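S.K.: This is the structure I want to talk about, given as structure tokens.
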Amino acid sequence: MEYKIAVLKGDGIGPEIIAETIKVLDKVAGKYGHKFVYQRGYLGGESIDKYGVPYSEETSRICRNSDAILLGAVGGPKWNEIEAYKRPEKGLLAIRKELAVYTNLRPAILFKELRSASPLKDEIVEDGLDVMIVRELTGGIYFGPREYSEEKAVDTMPYTRNEIERIARKAFEIARNRNKKLTSVDKHNVLDTSKLWRKIVNEVAKDYPDVEVSHMYVDNAAMQLIINPRQFDIILTENMFGDILSDEASMLTGSLGMLPSASLGDEKLGLYEPCHGSAPDIAGQNIANPIATIMSAAMMLRYSFDLEDEAIAIEKAIEEVLSQGYRTADIYTEGTIKISTVEMGTQIANKI
Ligand code: IPM
Ligand code: MG
């Protein structure tokens, strides 16, 4: 089959990690007889440089004409002084909103080979870790009405019934195919949006009697992720809480460089990107970890193209490379073999 993939390299380490991901995808294509056609678009700082805006009409058209979108990362000091409404990050928010990819899946999986890279004590993560964060991605405080003056600034967090209900349904569907355990995270003791969130999650839960639901305050969840992360299977939460908790969860797996993501809507078209940023401090040095992006590509094969075997082939290849001791700098520990971004991509591609 032929699939059209919009490729947005973005800024910082974006081009480096995307190059390795494409190397792996091309290997999958050859092995399984597919054709991936890449169409280059621009997002974030590189788009500001080219078009003057972080997300252009041209790139929007390319994305909407593709079967999936693969994104590196956006942002960097070069664009820090730009007015807030056209910063690189705005491009990312705009593309998420335009494509209505409201379900953001962030699986935090600790590979047993990386246990020593996790800051948690052995007894906490001994039996591994596999938590799926389901983050609402197109609502809440990221998109609410705001105002700014030098004297006063306001951000607001609106949520509608429909926005909460559709993400809750997605999360319960996913829970059904996992351990049937869902923790909804909110701030019900303070926020009205959380009051509505909890009410609607409980309503939706009635349609999924086989799934065990519990509710947890976000501050407690942040603590529980450290002391007992294995109690979680699915964490369902709103946009900003999900942003924060997913960075926290990623570190449990050894490095932010290991956390992939899939952003999905009601169509097959999805947006796939690592959870980490553009890491301008290490850009161009061939030391970034491409694994989160390569795992995001595996998610793309799974969720947008229904190519489950191919997705598993990528995940197995990563496991194999890790079990042979190869590590990028961020996950390096004594006794392992430190390799570059390019070598990591090559190693993984060779195992497909
Ligand atoms: C993420 C990032 C983005 C977010 C930023 C870059 C706007 O932190 O994908 O988690 O906050 O959603
Ligand atoms: Mg984030």
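Quick note: the coordinates plus some simple rules give every number you see, no bench work behind them. In this text, all values refer to a predicted model and were calculated from it rather than measured experimentally. Virtual Cβ from ideal backbone geometry, glycine too; neighbours counted across all protein chains shown.
S.K.: For Cα pairs less than 8 Å apart in space and 6+ apart in sequence, what is the mean separation divided by the residue count of the chain, i.e. the relative contact order in percent?
M.R.: Details: 747 pairs, mean separation 80.5, N = 352.
Here the relative contact order equals 23 percent.
S.K.: Asp247 to Glu320: extension gain in nm, 0.36 nm per residue of separation minus the Cα-Cα distance?
M.R.: Numbers: separation 73, 0.36 × 73 = 26.28 nm, distance 2.51 nm.
Here the segment from Asp247 to Glu320 would lengthen by 23.8 nm.
S.K.: Suppose we keep just the DSSP beta bridges with both residues in the chain; what percent of those would be antiparallel, to 5? Present the calculation step by step, with values, prior to reporting the outcome.
M.R.: Details: 18 of 49 bridges.
Antiparallel bridges: around 35 percent, rounded to the nearest 5.
S.K.: Something else: Going by how many other Cβ atoms sit within 10 Å of their own, how do Thr336, Thr328, Thr253 line up, fewest first? Kindly include the intermediate steps, with their values, before the conclusion.
M.R.: Working: Thr336 17, Thr328 21, Thr253 28.
In order of increasing Cβ crowding within 10 Å: Thr336, Thr328, Thr253.
S.K.: Can you work out the FRET efficiency for the pair Asp122 and Met1, with r the C-beta to C-beta distance and R0 = 30 Å, to the nearest 0.05?
M.R.: Values: r = 44 Å, r/R0 = 1.47.
Step by step, r from the Cβ atoms, then E = 0.10.
S.K.: When you take every Cα atom in the range 119-252, what is the radius of gyration, and what is Dmax, the widest Cα pair distance, in Å?
M.R.: Final numbers for Rg and Dmax: 15.7, 52 Å.
S.K.: Could you name the aspartates and glutamates in cross-link range of Lys181, using Cα to Cα under 12 Å and dropping any fewer than eight places away on the same chain?
M.R.: List returned: Glu173, Asp210, Glu212, Asp233.
S.K.: To continue, here is another question. Please give, to one decimal in nm, the separation of the simple spin-label points placed at Thr333 and Arg61, each 7 Å out from Cα toward the Cβ.
M.R.: Modelled inter-label distance: 5.1 nm.
S.K.: A further question on this structure: Taking Cα centroids, how far is the range 240-304 from the range 98-127 in Å?
M.R.: 11
S.K.: Sticking with this one: Computed on alpha carbon atoms, what radius of gyration and Dmax characterise the chain, expressed in Å?
M.R.: 19.7, 60
S.K.: For Met240 paired with Arg161, estimate the spin-label separation in nm (one decimal), with each label point 7 Å from Cα along the Cα-to-Cβ line.
M.R.: Between Met240 and Arg161, the simple spin-label model gives 2.6 nm.
S.K.: Using the beta-carbon distance between Glu308 and Val53 and R0 = 41 Å, what value does 1/(1 + (r/R0)^6) give for FRET efficiency, to the nearest 0.05? Walk me through the numbers before you get to the answer.
M.R.: On the way: r = 37 Å, r/R0 = 0.91.
Computed FRET efficiency for Glu308 and Val53 comes out at 0.65.
S.K.: Separate question: Before rounding to the nearest 500, sum -39500 (n - 2.57) across all DSSP H runs of length at least 4 in the chain and divide by the residue total; then give [θ] at 222 nm in deg cm²/dmol. Please list the in-between numbers first.
M.R.: On the way: 12 runs with 142 residues, N = 352.
Only helices count here, giving -12500 deg cm²/dmol.
S.K.: Using a Förster radius of 45 Å, what is the FRET efficiency between Ser214 and Glu151 based on their Cβ-Cβ separation? Nearest 0.05, please. Before the final figure, lay out each step's value.
M.R.: On the way: r = 42 Å, r/R0 = 0.94.
The pair Ser214/Glu151 has a calculated efficiency of 0.60.
S.K.: Can you pull the one-decimal nm distance between simple spin-label points at Tyr38 and Asp266, each 7 Å off the Cα toward Cβ?
M.R.: Calculated label separation equals 3.3 nm.
S.K.: For Ile95, Ile287, what ranking results if the residue with the fewest other Cβ atoms within 10 Å of its Cβ goes first?
M.R.: Details: Ile95 26, Ile287 19.
By the 10 Å Cβ count, ascending, the order reads Ile287, Ile95.
S.K.: Using 18 Å as the cut-off for backbone N distance, which residues of the range 208-237 belong to the label zone defined by a point 7 Å from the Cα of Asn189 along Cα→Cβ?
M.R.: 214-227
S.K.: Which order results if Arg302, Arg169 are arranged by neighbouring Cβ count within 10 Å, fewest first? It would help to have the intermediate numbers written out before the result.
M.R.: Numbers: Arg302 19, Arg169 14.
If I rank by nearby Cβ atoms, fewest first, I get Arg169, Arg302.
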